[in-house]
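Comments concern the structure below.
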Amino acid sequence: MTEHNSDGGDADDIEAFEAQEAIEEAEQIVDREAAKDNKEEAEEAAELSRALGEAINEAIAKAKESHAAGKGKEAGDDSRDSSAAPDASSDTTTLPDGTSIQITSVSDAAAAKNADGTETGIIDDTKIAPVDEHGNPIPVTIPIALAPGISVVYTTRLGGVSTGDYGNFNLGGKGGDDPDAIRRNREALANEIGAKLSLICQVHSGEAVDVDDVFTENRAFGFDASGTVARPDRPVVPPLPEVPTVSTPVGELPADEVTPGDNPGIPVDDGTVSTTVDDVEDVAGDDVQIIEGDAQVTTRSGIALGMFAADCLPVLLADPEAGVIGAAHCGRLGLQKGVIRAAVAMMIEKGARPERIVATLGPAICGDCYEVGQDIADAFDQQFDGTYTLTRFGGAGIDINRAAIEELAAAGITADRIVSSQPRVLAATQYLAQDPELQQLCKDDNEGDPALDERLANIRHSMCTLENPLWFSHRRAQLAHKAHEGRMLALIVKQ
(Lines give C-alpha, C1' and ligand atoms only; values in the text may rest on other atoms or scores of the structure.)
Protein backbone atom coordinates (compact mmCIF):
# COMPACT_ATOMS: atom_id res chain seq x y z
CA MET A 1 0.00 0.00 0.00
CA THR A 2 1.22 3.52 -0.74
CA GLU A 3 2.36 5.51 2.26
CA HIS A 4 0.68 8.93 2.56
CA ASN A 5 2.13 12.08 4.04
CA SER A 6 1.48 15.79 3.93
CA ASP A 7 4.81 16.87 2.44
CA GLY A 8 4.17 16.24 -1.21
CA GLY A 9 4.75 12.48 -1.19
CA ASP A 10 1.22 11.74 -2.38
CA ALA A 11 1.74 13.81 -5.51
CA ASP A 12 5.01 12.06 -6.27
CA ASP A 13 3.42 8.64 -5.79
CA ILE A 14 0.37 9.49 -7.87
CA GLU A 15 2.51 10.84 -10.69
CA ALA A 16 4.69 7.75 -10.63
CA PHE A 17 1.66 5.48 -10.81
CA GLU A 18 0.18 7.62 -13.59
CA ALA A 19 3.36 7.12 -15.56
CA GLN A 20 3.12 3.35 -15.20
CA GLU A 21 -0.60 3.40 -16.07
CA ALA A 22 0.14 5.57 -19.10
CA ILE A 23 2.73 3.11 -20.35
CA GLU A 24 0.37 0.16 -19.82
CA GLU A 25 -2.50 2.00 -21.51
CA ALA A 26 -0.32 2.80 -24.52
CA GLU A 27 0.83 -0.83 -24.72
CA GLN A 28 -2.82 -1.94 -24.71
CA ILE A 29 -3.46 0.42 -27.61
CA VAL A 30 -0.56 -1.15 -29.48
CA ASP A 31 -1.92 -4.65 -28.80
CA ARG A 32 -5.37 -3.69 -30.10
CA GLU A 33 -3.84 -2.26 -33.25
CA ALA A 34 -1.81 -5.42 -33.71
CA ALA A 35 -4.99 -7.46 -33.85
CA LYS A 36 -6.18 -5.64 -36.96
CA ASP A 37 -5.58 -7.36 -40.27
CA ASN A 38 -5.37 -4.30 -42.45
CA LYS A 39 -1.75 -3.62 -43.50
CA GLU A 40 -2.16 0.14 -43.24
CA GLU A 41 -3.50 -0.08 -39.69
CA ALA A 42 -0.62 -2.38 -38.70
CA GLU A 43 1.85 0.22 -39.94
CA GLU A 44 0.01 2.86 -37.87
CA ALA A 45 0.37 0.61 -34.83
CA ALA A 46 4.11 0.41 -35.37
CA GLU A 47 4.23 4.20 -35.61
CA LEU A 48 2.26 4.39 -32.35
CA SER A 49 4.86 2.22 -30.60
CA ARG A 50 7.66 4.46 -31.84
CA ALA A 51 5.76 7.59 -30.84
CA LEU A 52 5.31 6.25 -27.32
CA GLY A 53 9.06 5.84 -26.87
CA GLU A 54 9.69 9.30 -28.31
CA ALA A 55 7.02 10.85 -26.06
CA ILE A 56 8.53 9.33 -22.94
CA ASN A 57 12.00 10.47 -23.92
CA GLU A 58 10.69 13.97 -24.60
CA ALA A 59 9.05 14.05 -21.18
CA ILE A 60 12.33 13.05 -19.55
CA ALA A 61 14.16 15.84 -21.36
CA LYS A 62 11.52 18.36 -20.28
CA ALA A 63 11.79 17.16 -16.70
CA LYS A 64 15.54 17.77 -16.65
CA GLU A 65 15.08 21.24 -18.19
CA SER A 66 12.40 22.06 -15.63
CA HIS A 67 14.65 21.01 -12.77
CA ALA A 68 17.52 23.11 -14.10
CA ALA A 69 15.20 26.13 -14.36
CA GLY A 70 14.08 25.71 -10.76
CA LYS A 71 10.52 24.57 -11.44
CA GLY A 72 8.63 22.53 -8.91
CA LYS A 73 9.19 24.79 -5.89
CA GLU A 74 6.46 24.82 -3.30
CA ALA A 75 4.44 28.00 -2.86
CA GLY A 76 6.20 30.51 -0.60
CA ASP A 77 9.52 28.59 -0.64
CA ASP A 78 12.10 30.27 -2.85
CA SER A 79 15.11 28.65 -1.21
CA ARG A 80 14.21 24.99 -1.47
CA ASP A 81 17.25 22.78 -2.11
CA SER A 82 16.96 20.92 -5.42
CA SER A 83 18.22 17.77 -3.69
CA ALA A 84 15.05 17.59 -1.60
CA ALA A 85 12.84 16.52 -4.49
CA PRO A 86 13.16 14.28 -7.55
CA ASP A 87 13.80 15.53 -11.06
CA ALA A 88 10.21 14.87 -12.04
CA SER A 89 7.51 16.47 -14.16
CA SER A 90 4.29 15.50 -15.84
CA ASP A 91 3.68 16.06 -19.52
CA THR A 92 0.60 15.39 -21.62
CA THR A 93 1.35 13.96 -25.06
CA THR A 94 -0.95 13.24 -27.98
CA LEU A 95 -0.21 10.00 -29.83
CA PRO A 96 -0.81 9.51 -33.59
CA ASP A 97 -4.27 8.01 -33.01
CA GLY A 98 -5.38 11.10 -31.09
CA THR A 99 -5.07 9.52 -27.65
CA SER A 100 -3.74 11.82 -24.95
CA ILE A 101 -1.62 10.29 -22.22
CA GLN A 102 0.06 11.77 -19.16
CA ILE A 103 3.70 10.81 -18.67
CA THR A 104 5.59 11.46 -15.46
CA SER A 105 9.37 11.43 -15.75
CA VAL A 106 12.01 11.01 -13.07
CA SER A 107 15.67 11.39 -14.02
CA ASP A 108 18.30 8.78 -13.21
CA ALA A 109 20.20 11.33 -11.15
CA ALA A 110 17.58 11.73 -8.43
CA ALA A 111 15.60 9.66 -5.95
CA ALA A 112 11.93 10.26 -5.17
CA LYS A 113 11.93 12.29 -1.94
CA ASN A 114 9.47 14.30 0.08
CA ALA A 115 10.04 17.99 0.75
CA ASP A 116 11.59 17.11 4.11
CA GLY A 117 14.14 14.85 2.40
CA THR A 118 12.62 11.51 3.45
CA GLU A 119 12.30 8.80 0.84
CA THR A 120 8.83 8.28 -0.56
CA GLY A 121 9.47 5.30 -2.82
CA ILE A 122 6.87 4.30 -5.36
CA ILE A 123 5.21 1.85 -3.03
CA ASP A 124 5.69 1.17 0.65
CA ASP A 125 6.66 -2.50 0.41
CA THR A 126 8.21 -4.14 -2.65
CA LYS A 127 9.23 -7.40 -1.07
CA ILE A 128 9.13 -10.05 -3.80
CA ALA A 129 9.89 -13.63 -2.80
CA PRO A 130 12.58 -15.22 -5.02
CA VAL A 131 10.86 -18.64 -4.92
CA ASP A 132 7.32 -19.97 -4.55
CA GLU A 133 6.06 -22.34 -1.87
CA HIS A 134 7.53 -25.28 -3.81
CA GLY A 135 10.97 -23.71 -4.12
CA ASN A 136 10.58 -22.82 -7.81
CA PRO A 137 12.21 -19.55 -8.95
CA ILE A 138 10.05 -16.48 -9.44
CA PRO A 139 12.08 -14.33 -11.87
CA VAL A 140 11.96 -10.54 -11.71
CA THR A 141 12.04 -9.42 -15.33
CA ILE A 142 11.50 -6.15 -17.18
CA PRO A 143 9.32 -6.29 -20.34
CA ILE A 144 9.52 -3.80 -23.20
CA ALA A 145 6.87 -3.49 -25.93
CA LEU A 146 9.04 -3.15 -29.03
CA ALA A 147 6.39 -3.52 -31.75
CA PRO A 148 2.90 -4.99 -32.20
CA GLY A 149 3.02 -8.61 -31.09
CA ILE A 150 6.77 -8.45 -30.34
CA SER A 151 8.19 -8.15 -26.84
CA VAL A 152 11.63 -7.70 -25.35
CA VAL A 153 12.42 -9.03 -21.87
CA TYR A 154 15.40 -8.24 -19.66
CA THR A 155 16.17 -10.53 -16.77
CA THR A 156 17.62 -9.16 -13.53
CA ARG A 157 19.64 -10.72 -10.72
CA LEU A 158 16.45 -11.20 -8.69
CA GLY A 159 14.18 -14.19 -8.23
CA GLY A 160 16.43 -17.19 -8.86
CA VAL A 161 17.97 -20.11 -7.01
CA SER A 162 21.65 -19.62 -7.82
CA THR A 163 23.80 -18.84 -4.78
CA GLY A 164 27.11 -17.27 -3.85
CA ASP A 165 28.85 -15.28 -6.56
CA TYR A 166 26.14 -16.31 -9.04
CA GLY A 167 23.26 -14.99 -6.99
CA ASN A 168 20.55 -15.12 -7.71
CA PHE A 169 18.99 -15.46 -11.18
CA ASN A 170 22.04 -16.59 -13.13
CA LEU A 171 21.28 -17.91 -16.61
CA GLY A 172 24.81 -18.43 -17.92
CA GLY A 173 25.94 -22.03 -18.10
CA LYS A 174 29.71 -21.91 -18.52
CA GLY A 175 30.82 -20.13 -15.37
CA GLY A 176 30.81 -23.03 -12.93
CA ASP A 177 27.39 -22.46 -11.35
CA ASP A 178 25.34 -25.45 -10.20
CA PRO A 179 23.78 -26.88 -13.39
CA ASP A 180 20.56 -27.72 -11.56
CA ALA A 181 20.17 -24.10 -10.45
CA ILE A 182 20.80 -22.90 -14.01
CA ARG A 183 18.25 -25.34 -15.37
CA ARG A 184 15.62 -24.31 -12.83
CA ASN A 185 16.24 -20.63 -13.52
CA ARG A 186 15.92 -21.14 -17.27
CA GLU A 187 12.77 -23.24 -16.96
CA ALA A 188 11.20 -20.59 -14.72
CA LEU A 189 12.05 -17.91 -17.28
CA ALA A 190 10.54 -19.89 -20.15
CA ASN A 191 7.38 -20.43 -18.12
CA GLU A 192 7.14 -16.77 -17.19
CA ILE A 193 7.42 -15.42 -20.73
CA GLY A 194 5.41 -18.25 -22.29
CA ALA A 195 8.03 -19.11 -24.90
CA LYS A 196 10.87 -21.54 -25.50
CA LEU A 197 14.38 -20.15 -25.13
CA SER A 198 16.99 -20.24 -27.91
CA LEU A 199 20.57 -20.04 -26.60
CA ILE A 200 23.84 -20.18 -28.55
CA CYS A 201 27.53 -20.07 -27.66
CA GLN A 202 28.67 -16.45 -27.78
CA VAL A 203 32.29 -15.94 -28.82
CA HIS A 204 32.60 -12.18 -29.59
CA SER A 205 32.25 -12.83 -33.31
CA GLY A 206 30.47 -11.16 -36.21
CA GLU A 207 28.44 -14.27 -37.06
CA ALA A 208 24.66 -14.68 -37.07
CA VAL A 209 22.79 -17.97 -36.58
CA ASP A 210 19.62 -18.86 -38.50
CA VAL A 211 17.48 -20.29 -35.70
CA ASP A 212 14.85 -21.46 -38.19
CA ASP A 213 17.41 -24.00 -39.42
CA VAL A 214 18.76 -25.26 -36.11
CA PHE A 215 16.12 -24.93 -33.40
CA THR A 216 15.29 -28.23 -31.72
CA GLU A 217 13.82 -28.63 -28.26
CA ASN A 218 16.72 -30.39 -26.55
CA ARG A 219 15.84 -29.07 -23.09
CA ALA A 220 12.60 -28.51 -21.21
CA PHE A 221 13.12 -24.75 -21.53
CA GLY A 222 13.82 -24.89 -25.28
CA PHE A 223 17.01 -25.05 -27.36
CA ASP A 224 20.41 -24.92 -25.70
CA ALA A 225 23.46 -24.78 -27.97
CA SER A 226 25.41 -22.50 -25.64
CA GLY A 227 27.80 -25.11 -24.32
CA THR A 228 26.12 -25.38 -20.94
CA VAL A 229 27.80 -27.92 -18.69
CA ALA A 230 25.30 -30.62 -17.82
CA ARG A 231 27.06 -32.05 -14.76
CA PRO A 232 28.28 -30.20 -11.64
CA ASP A 233 31.60 -32.10 -11.59
CA ARG A 234 32.74 -30.46 -14.86
CA PRO A 235 33.39 -26.74 -14.24
CA VAL A 236 34.67 -24.95 -17.31
CA VAL A 237 35.51 -21.37 -16.39
CA PRO A 238 38.33 -20.46 -13.98
CA PRO A 239 37.97 -17.61 -11.49
CA LEU A 240 37.94 -14.11 -12.94
CA PRO A 241 41.50 -13.05 -13.84
CA GLU A 242 43.44 -10.35 -12.11
CA VAL A 243 43.49 -7.43 -14.55
CA PRO A 244 45.35 -4.15 -14.93
CA THR A 245 43.71 -1.25 -13.11
CA VAL A 246 44.03 2.49 -13.22
CA SER A 247 46.28 3.81 -10.51
CA THR A 248 43.91 6.32 -8.91
CA PRO A 249 42.86 4.98 -5.48
CA VAL A 250 39.16 5.06 -4.77
CA GLY A 251 39.79 7.38 -1.85
CA GLU A 252 41.15 10.04 -4.21
CA LEU A 253 38.14 9.99 -6.52
CA PRO A 254 35.38 12.57 -6.03
CA ALA A 255 32.77 11.31 -3.60
CA ASP A 256 30.10 10.95 -6.27
CA GLU A 257 32.43 8.87 -8.45
CA VAL A 258 33.47 6.16 -6.01
CA THR A 259 32.42 2.85 -7.45
CA PRO A 260 31.13 -0.22 -5.59
CA GLY A 261 33.73 -2.37 -3.86
CA ASP A 262 37.04 -1.50 -2.28
CA ASN A 263 39.39 -2.34 -5.15
CA PRO A 264 41.95 0.51 -5.44
CA GLY A 265 41.35 1.07 -9.10
CA ILE A 266 39.11 0.24 -12.02
CA PRO A 267 39.58 -2.82 -14.29
CA VAL A 268 41.01 -1.86 -17.64
CA ASP A 269 40.51 -3.85 -20.84
CA ASP A 270 43.89 -3.22 -22.46
CA GLY A 271 43.73 -6.11 -24.90
CA THR A 272 46.64 -7.95 -23.30
CA VAL A 273 44.69 -10.22 -20.99
CA SER A 274 41.37 -12.02 -21.21
CA THR A 275 39.19 -9.32 -19.71
CA THR A 276 36.47 -9.01 -22.31
CA VAL A 277 33.05 -9.51 -20.83
CA ASP A 278 31.41 -12.92 -21.04
CA ASP A 279 34.68 -14.71 -21.75
CA VAL A 280 34.00 -18.07 -23.37
CA GLU A 281 35.91 -21.22 -22.54
CA ASP A 282 35.91 -24.31 -24.74
CA VAL A 283 33.90 -27.20 -23.40
CA ALA A 284 33.82 -30.79 -24.52
CA GLY A 285 31.61 -33.81 -24.01
CA ASP A 286 28.79 -35.58 -25.75
CA ASP A 287 26.21 -34.04 -23.42
CA VAL A 288 27.08 -30.46 -24.38
CA GLN A 289 25.88 -28.90 -27.63
CA ILE A 290 27.62 -25.87 -29.13
CA ILE A 291 26.65 -23.56 -31.99
CA GLU A 292 28.91 -20.52 -32.04
CA GLY A 293 27.68 -17.08 -33.02
CA ASP A 294 26.75 -13.71 -31.57
CA ALA A 295 23.43 -13.02 -33.27
CA GLN A 296 20.24 -14.99 -33.80
CA VAL A 297 17.39 -14.51 -36.28
CA THR A 298 14.04 -16.25 -36.65
CA THR A 299 10.62 -15.97 -38.25
CA ARG A 300 9.02 -18.41 -35.83
CA SER A 301 6.57 -17.45 -33.11
CA GLY A 302 6.96 -18.60 -29.54
CA ILE A 303 10.78 -18.72 -29.63
CA ALA A 304 12.63 -16.25 -27.42
CA LEU A 305 16.03 -15.42 -28.88
CA GLY A 306 18.33 -14.93 -25.90
CA MET A 307 21.63 -13.07 -25.60
CA PHE A 308 23.77 -13.52 -22.48
CA ALA A 309 25.37 -10.39 -21.06
CA ALA A 310 27.14 -9.01 -18.02
CA ASP A 311 28.43 -5.69 -19.43
CA CYS A 312 28.20 -6.28 -23.20
CA LEU A 313 25.35 -4.68 -25.11
CA PRO A 314 22.35 -6.71 -26.33
CA VAL A 315 20.60 -5.22 -29.36
CA LEU A 316 17.09 -6.49 -30.16
CA LEU A 317 15.53 -6.03 -33.62
CA ALA A 318 12.19 -6.64 -35.30
CA ASP A 319 10.33 -6.11 -38.55
CA PRO A 320 6.75 -6.66 -37.35
CA GLU A 321 5.30 -6.60 -40.87
CA ALA A 322 7.63 -9.33 -42.16
CA GLY A 323 7.44 -11.22 -38.87
CA VAL A 324 11.23 -11.39 -38.49
CA ILE A 325 13.06 -10.84 -35.22
CA GLY A 326 16.75 -10.76 -34.35
CA ALA A 327 19.10 -10.37 -31.40
CA ALA A 328 22.78 -9.45 -31.31
CA HIS A 329 25.42 -9.65 -28.58
CA CYS A 330 27.54 -6.53 -29.00
CA GLY A 331 30.77 -6.48 -27.10
CA ARG A 332 33.67 -4.36 -28.26
CA LEU A 333 35.00 -7.09 -30.54
CA GLY A 334 31.61 -8.08 -31.91
CA LEU A 335 30.86 -4.50 -32.89
CA GLN A 336 34.21 -4.24 -34.64
CA LYS A 337 33.48 -7.47 -36.50
CA GLY A 338 30.06 -6.26 -37.71
CA VAL A 339 27.70 -8.42 -35.68
CA ILE A 340 24.79 -5.96 -36.01
CA ARG A 341 25.12 -5.80 -39.79
CA ALA A 342 25.26 -9.61 -39.91
CA ALA A 343 21.99 -9.83 -37.96
CA VAL A 344 20.26 -7.24 -40.15
CA ALA A 345 21.53 -8.92 -43.35
CA MET A 346 20.05 -12.25 -42.25
CA MET A 347 16.76 -10.55 -41.36
CA ILE A 348 16.65 -9.03 -44.84
CA GLU A 349 17.22 -12.47 -46.37
CA LYS A 350 14.05 -13.54 -44.56
CA GLY A 351 11.94 -10.70 -45.91
CA ALA A 352 12.63 -7.81 -43.53
CA ARG A 353 13.27 -4.31 -44.84
CA PRO A 354 15.64 -1.91 -43.06
CA GLU A 355 13.16 0.98 -43.18
CA ARG A 356 10.64 -1.15 -41.23
CA ILE A 357 13.02 -2.61 -38.64
CA VAL A 358 12.72 -1.24 -35.11
CA ALA A 359 15.38 -1.79 -32.46
CA THR A 360 16.12 -1.30 -28.80
CA LEU A 361 19.39 -1.32 -26.89
CA GLY A 362 19.53 -3.37 -23.70
CA PRO A 363 21.53 -2.91 -20.48
CA ALA A 364 25.29 -2.48 -20.97
CA ILE A 365 28.28 -0.80 -19.41
CA CYS A 366 28.14 2.90 -20.26
CA GLY A 367 30.82 5.09 -21.79
CA ASP A 368 31.46 6.76 -18.44
CA CYS A 369 32.46 3.39 -16.94
CA TYR A 370 34.01 1.35 -19.78
CA GLU A 371 37.73 2.02 -19.45
CA VAL A 372 39.84 0.22 -22.05
CA GLY A 373 43.20 1.97 -22.29
CA GLN A 374 44.45 4.57 -24.74
CA ASP A 375 45.39 2.37 -27.70
CA ILE A 376 42.12 0.42 -27.77
CA ALA A 377 40.06 3.58 -27.30
CA ASP A 378 41.85 5.31 -30.17
CA ALA A 379 41.41 2.34 -32.52
CA PHE A 380 37.75 1.94 -31.61
CA ASP A 381 37.12 5.65 -32.14
CA GLN A 382 38.74 5.46 -35.57
CA GLN A 383 36.19 2.82 -36.55
CA PHE A 384 33.23 4.39 -34.72
CA ASP A 385 33.67 8.15 -34.74
CA GLY A 386 32.83 9.94 -31.51
CA THR A 387 32.91 6.86 -29.26
CA TYR A 388 36.07 7.85 -27.37
CA THR A 389 35.33 8.78 -23.76
CA LEU A 390 37.19 10.05 -20.74
CA THR A 391 35.73 7.86 -18.03
CA ARG A 392 34.73 8.98 -14.56
CA PHE A 393 37.83 7.11 -13.37
CA GLY A 394 40.13 9.35 -15.39
CA GLY A 395 41.26 7.04 -18.19
CA ALA A 396 40.42 6.46 -21.84
CA GLY A 397 37.20 4.59 -22.53
CA ILE A 398 34.67 3.79 -25.24
CA ASP A 399 30.91 4.12 -25.68
CA ILE A 400 29.59 0.87 -27.14
CA ASN A 401 26.03 2.19 -27.13
CA ARG A 402 26.99 4.97 -29.52
CA ALA A 403 28.92 2.51 -31.68
CA ALA A 404 25.83 0.29 -31.90
CA ILE A 405 23.68 3.24 -32.98
CA GLU A 406 26.23 4.03 -35.71
CA GLU A 407 26.14 0.40 -36.84
CA LEU A 408 22.35 0.40 -36.91
CA ALA A 409 22.39 3.56 -39.03
CA ALA A 410 24.89 1.96 -41.40
CA ALA A 411 22.49 -0.98 -41.75
CA GLY A 412 19.62 1.38 -42.62
CA ILE A 413 17.98 1.63 -39.18
CA THR A 414 17.82 5.31 -38.26
CA ALA A 415 17.68 6.77 -34.76
CA ASP A 416 13.95 7.49 -35.00
CA ARG A 417 13.35 3.73 -35.19
CA ILE A 418 15.21 2.98 -31.98
CA VAL A 419 12.84 2.54 -29.04
CA SER A 420 14.28 3.54 -25.67
CA SER A 421 14.22 0.89 -22.94
CA GLN A 422 15.35 3.39 -20.32
CA PRO A 423 11.96 4.66 -19.01
CA ARG A 424 10.72 1.18 -18.11
CA VAL A 425 14.09 0.18 -16.62
CA LEU A 426 14.23 3.33 -14.51
CA ALA A 427 10.69 2.73 -13.24
CA ALA A 428 11.58 -0.85 -12.32
CA THR A 429 14.73 0.29 -10.52
CA GLN A 430 12.77 2.79 -8.43
CA TYR A 431 10.06 0.23 -7.74
CA LEU A 432 12.67 -2.06 -6.17
CA ALA A 433 14.20 0.64 -3.96
CA GLN A 434 13.11 -1.21 -0.81
CA ASP A 435 13.62 -4.79 -2.04
CA PRO A 436 15.44 -6.90 0.58
CA GLU A 437 16.83 -9.36 -1.99
CA LEU A 438 18.49 -6.53 -3.91
CA GLN A 439 19.76 -5.07 -0.64
CA GLN A 440 21.44 -8.37 0.18
CA LEU A 441 23.00 -8.62 -3.27
CA CYS A 442 24.57 -5.19 -2.78
CA LYS A 443 26.06 -6.41 0.51
CA ASP A 444 27.35 -9.53 -1.26
CA ASP A 445 29.05 -7.20 -3.75
CA ASN A 446 31.15 -5.84 -0.88
CA GLU A 447 29.44 -2.47 -1.00
CA GLY A 448 29.20 -2.29 2.78
CA ASP A 449 25.76 -1.66 4.23
CA PRO A 450 24.24 1.27 2.34
CA ALA A 451 20.54 1.95 2.45
CA LEU A 452 19.31 0.55 -0.85
CA ASP A 453 17.39 3.67 -1.78
CA GLU A 454 20.55 5.73 -1.24
CA ARG A 455 22.54 3.24 -3.35
CA LEU A 456 20.04 3.54 -6.20
CA ALA A 457 19.85 7.33 -5.89
CA ASN A 458 23.52 7.53 -6.91
CA ILE A 459 22.87 5.79 -10.24
CA ARG A 460 23.43 8.16 -13.14
CA HIS A 461 22.57 5.67 -15.90
CA SER A 462 19.98 3.03 -14.99
CA MET A 463 20.86 1.03 -18.11
CA CYS A 464 24.53 0.81 -17.08
CA THR A 465 25.38 -2.66 -15.82
CA LEU A 466 28.22 -1.44 -13.62
CA GLU A 467 26.14 1.28 -11.94
CA ASN A 468 22.80 -0.49 -11.49
CA PRO A 469 22.92 -3.51 -9.14
CA LEU A 470 19.88 -5.00 -10.88
CA TRP A 471 22.24 -6.25 -13.58
CA PHE A 472 25.10 -8.71 -13.55
CA SER A 473 28.40 -6.98 -14.28
CA HIS A 474 31.74 -8.64 -14.97
CA ARG A 475 33.59 -5.49 -13.92
CA ARG A 476 31.59 -4.91 -10.74
CA ALA A 477 32.41 -8.51 -9.82
CA GLN A 478 36.11 -7.78 -10.26
CA LEU A 479 35.85 -4.67 -8.11
CA ALA A 480 34.12 -6.76 -5.44
CA HIS A 481 36.86 -9.42 -5.59
CA LYS A 482 34.31 -12.05 -6.56
CA ALA A 483 35.69 -15.20 -8.17
CA HIS A 484 32.77 -15.55 -10.60
CA GLU A 485 29.80 -13.64 -11.99
CA GLY A 486 26.41 -14.64 -13.35
CA ARG A 487 24.83 -13.68 -16.67
CA MET A 488 21.54 -12.06 -17.57
CA LEU A 489 19.53 -12.72 -20.72
CA ALA A 490 18.08 -10.13 -23.05
CA LEU A 491 15.34 -11.78 -25.09
CA ILE A 492 13.03 -10.98 -27.96
CA VAL A 493 9.97 -13.04 -28.82
CA LYS A 494 7.19 -12.88 -31.40
CA GLN A 495 3.84 -14.01 -30.03
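Counted as qualifying within the range 423-495 are the helices (runs of 4 or more DSSP H) with 1 or more residues that are surrounded by fewer than 20 Cβ atoms within 10 Å (Cβ to Cβ), namely 436-444, 452-457. Going by the structure shown, is Lys174 modelled with pLDDT under 90, closer than 30 Å to Val203 by Cα and assigned to a loop (DSSP other than H, G, I, E, B)? Judged against the criteria, Lys174 is a match. Sort through Lys127, Lys196 and tell me the only one that's at pLDDT below 95, surrounded by fewer than 23 Cβ atoms within 10 Å (Cβ to Cβ) and either of a type in the set (D, E, K, R) or not assigned by TED's automatic domain parsing to the domain that holds Asp453 (or both). One residue alone meets the criteria, Lys127.
Conditions tested, residue by residue: (1) of a type in the set (Phe, Trp, Tyr); (2) in contact with a helix residue (DSSP H, G or I) (Cβ under 6 Å, 6 or more places away or on another chain); (3) at pLDDT 90 or above.
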{"residue": "Asp453", "(1), (2), (3)": "no, no, no"}
{"residue": "Ser462", "(1), (2), (3)": "no, yes, yes"}
{"residue": "Pro469", "(1), (2), (3)": "no, yes, yes"}
{"residue": "Glu485", "(1), (2), (3)": "no, yes, yes"}
{"residue": "Lys494", "(1), (2), (3)": "no, no, yes"}
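Using the structure shown, decide if Glu349 is out of contact with any Phe, Trp or Tyr (no Cβ under 8 Å at 6 or more places or on another chain), free of Cβ contacts under 8 Å to residues at least 12 places away in the same chain and either outside the structural domain of Leu479 (by TED's automatic domain parsing) or on the phi < 0 side of the Ramachandran plot (or both). So Glu349 passes the test. In the range 127-171, which residue that is outside any loop (DSSP other than H, G, I, E, B) and touching an Asp or Glu at 6+ places or on another chain (Cβ under 7 Å) is farthest from Ala433 (Cα to Cα)? Here the answer is Ala145.
Find all pairs meeting these conditions: Cβ atoms under 9 angstrom apart; at least six residues apart or on different chains; first residue within the range 352-366 and within 21 Å of Arg424 (Cα to Cα) and in a loop (DSSP other than H, G, I, E, B); second residue of a type in the set (Phe, Trp, Tyr) and modelled with pLDDT of 95 or more. Within 9 Å, the pairs are Gly362/Tyr154; Pro363/Tyr154; Pro363/Trp471; Ala364/Tyr370; Ala364/Trp471. Of all residues in the range 202-250, count the ones that are buried (at least 17 other Cβ atoms within 10 Å of the Cβ), modelled with pLDDT of 95 or more and not hydroxyl-bearing (Ser, Thr, Tyr). Total meeting the criteria: 15. Residues that are more than 14 Å from Phe221 (Cα to Cα), among the charged types (D, E, K, R) and surrounded by fewer than 24 Cβ atoms within 10 Å (Cβ to Cβ) within the range 158-193 comprise Asp165, Asp178, listed in sequence order.
Every condition in (1) free of Cβ contacts under 8 Å to residues at least 60 places away in the same chain; (2) out of contact with any Leu (no Cβ under 8 Å at 6 or more places or on another chain) holds for Ile405 except the one numbered (2). Only residues that are under 20 Å from the mean Cα position of the chain (by Cα) and either under 20 Å from Leu171 (Cβ atoms) or of a type in the set (Gly, Ala, Ser) (or both): list them for the range 138-149, please. Within the range 138-149, Ile138, Pro139, Val140, Thr141, Ile142, Pro143, Ile144, Ala145, Ala147 meet the criteria. Between Ala377, Ala404, the distinction of being over 22 Å from the mean Cα position of the chain (by Cα), closer than 24 Å to Arg460 by Cα, among the hydrophobic types (A, V, I, L, M, F, W, C) and not in a loop (DSSP other than H, G, I, E, B) belongs to Ala377 only.
Taken over the range 389-401, the criterion of being assigned to a strand (DSSP E or B) and closer than 17 Å to Ala309 by Cβ is satisfied by Ile398 alone. Considering the range 183-226, the residues that are in contact with an Asp or Glu (Cβ under 9 Å, 6 or more places away or on another chain) and of a type in the set (Gly, Ala, Ser) include one that is farthest from Gln336 (Cα to Cα), namely Ala220.
Residues that are within 18 Å of the chain's Cα centre (by Cα), not β-branched (Val, Ile, Thr) and not in a strand (DSSP E or B) do not occur anywhere in the range 205-224.
Against the numbered list (1) without any contact (Cβ under 8 Å) to a residue 12 or more places away in the chain; (2) out of contact with any Asp or Glu (no Cβ under 7 Å at 6 or more places or on another chain), Lys443 comes up short only at (2).
The values are calculated or read from the model by the stated rules, or taken from the named source; none is laboratory data. The structure presented is a predicted model; accordingly, all values stated were derived computationally and were not measured. Note that each Cβ is placed from the backbone with ideal geometry, even for glycine, and that neighbours are counted across all protein chains shown.
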